[in-house]
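Heads up: the structure comes next, in structure tokens.
Quick note: the coordinates plus some simple rules give every number you see, no bench work behind them. Just so you know, these numbers come straight off a predicted model, no measurement behind them. All Cβ positions, glycine included, derive from the backbone under ideal geometry; neighbour counts span all protein chains shown.
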Amino acid sequence: MKKIVVAIDGYSSSGKSTMARELARRVGYVYVDSGAMYRAVTLYALEHGMIENGKVDRERLAAALPGISITFEPAGADGVQHTLLNGRDVEREIRDMQVSENVSRVAEIPEVRERLVRIQQEYGVRKGIVMDGRDIGTTVFPDAEMKVFVDASPEERARRRLLELEQKGEKVNYEEVLDNIRTRDRIDTTRAVSPLRKADDAHVLDNDHMTHREQSEWLLNLFHTIVNEK
Ligand code: DC
């Protein structure tokens with residue numbers, strides 16, 4: 001069967017990673033979480049003192065980029081793909097609040113985007129890939145055969161994110177999480193380089209009132225329709 005590229009974009013905590021991962025598993029494609037790559041660069045910048053009071057030292061970070069390697073380790077016993085920063089498993093650290101609070105500022109740096117987009121495009125060369133992020137259907141793979149834009153209200157996304165963080169034992173409150181989501185939405189949609197925007201040919205999935213299962217089925221149906229039309 002002919003392989004395609006699937007691009008899934010949307011707001012933070014819209015549930016796009018979960019459904020993208022699930023689709024990849026069900027159809028035997030490679031899954032790439034592009035947000036994890038921006039998060040790993042952010043962790044690197046934090047660990048090397050390149051971020052102070054939310055301000056990123058763009059020059060130092062840009063100069064350090066060639067020495068930053070981000071790879072993925074296939075899902076192990078826990079069923080989750082792990083992100084490696086220069087060979088070190090950082091899957092847990094890149095999801096904490098400190099990284100979440102700073103990642104949008106790192107993701108708006110043109111040098112960072114340029115480098116990560118190039119790595120992401122290499123993953124797509126052989127097709128058979130599902131990638132999720134903010135600019136996958138617009139910038140990384142403008143020719144992707146299947147594009148999806150996931151939408152959900154900030155309140156619903158904050159509720160889901162809070163649950164996720166609580167399960168990990170992090171102490172945060174709803175207002176704090178909602179505030180973080182609103183700030184990230186604003187930065188993601190208004191930045192100069194590759195802002196979050198629906199590609200003209202993307203299929204919209206508004207998942208405020210959908211269960212995980214319904215979303216997965218919707219995605220799989222769309223995938224089969226598109227592959228069969230090819
Ligand atoms: O999907 P996520 O919340 O893990 O993404 C983390 C941040 O990375 C998010 O604030 C925006 C940024 N990002 C981006 O700018 N472009 C992408 N393709 C993916 C993520």
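The figures follow:
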{"quantity": "Pairs with Cβ under 8 Å, 6+ apart, first in the stretch 63-89 and touching a residue at least 60 places away in the same chain (Cβ under 8 Å), second part of a strand (DSSP E or B) and charged (D, E, K, R)", "calculated": "Gln81/Asp33; Gln81/Glu73"}
{"quantity": "Every pair of residues 6+ apart whose Cβ atoms lie under 6 Å, when the first sits in the stretch 27-47 and is at negative phi and touching a residue at least 12 places away in the same chain (Cβ under 8 Å) while the second is of a type in the set (D, E, K, R) and more than 10 Å from the ligand (Cβ to nearest atom)", "calculated": "Tyr31/Arg21; Leu43/Glu93"}
{"quantity": "Unique match (being touching a helix residue (DSSP H, G or I) at 6+ places or on another chain (Cβ under 8 Å), closer than 20 Å to Val103 by Cβ and not in a helix (DSSP H, G or I)) among Arg182, Arg161, Arg157, Arg197", "calculated": "Arg197"}
{"quantity": "Glu47 of a type in the set (D, E, K, R) and in contact with a His (Cβ under 7 Å, 6 or more places away or on another chain)", "calculated": "no"}
{"quantity": "Residues that are more than 8 Å from the ligand (Cβ to nearest atom), in contact with a Gly (Cβ under 9 Å, 6 or more places away or on another chain) and within 18 Å of Ser17 (Cα to Cα), drawn from the stretch 97-130", "calculated": "Gly128"}
{"quantity": "Selection status of Val172, in contact (Cβ under 8 Å) with a residue 24 or more places away in the chain, buried (at least 20 other Cβ atoms within 10 Å of the Cβ) and away from the ligand (no atom under 12 Å from the Cβ)", "calculated": "no"}
{"quantity": "Qualifying strands (runs of 3 or more DSSP E) (wholly inside the stretch 1-73; at least 3 residues being surrounded by 15 or more Cβ atoms within 10 Å (Cβ to Cβ) and within 11 Å of the ligand (Cβ to nearest atom))", "calculated": "5-10"}
{"quantity": "Selection from the stretch 115-146 of residues that are outside any loop (DSSP other than H, G, I, E, B) and crowded, with 24+ Cβ neighbours inside 10 Å", "calculated": "Val130, Met131, Asp132, Gly133, Ile136, Gly137, Val140"}
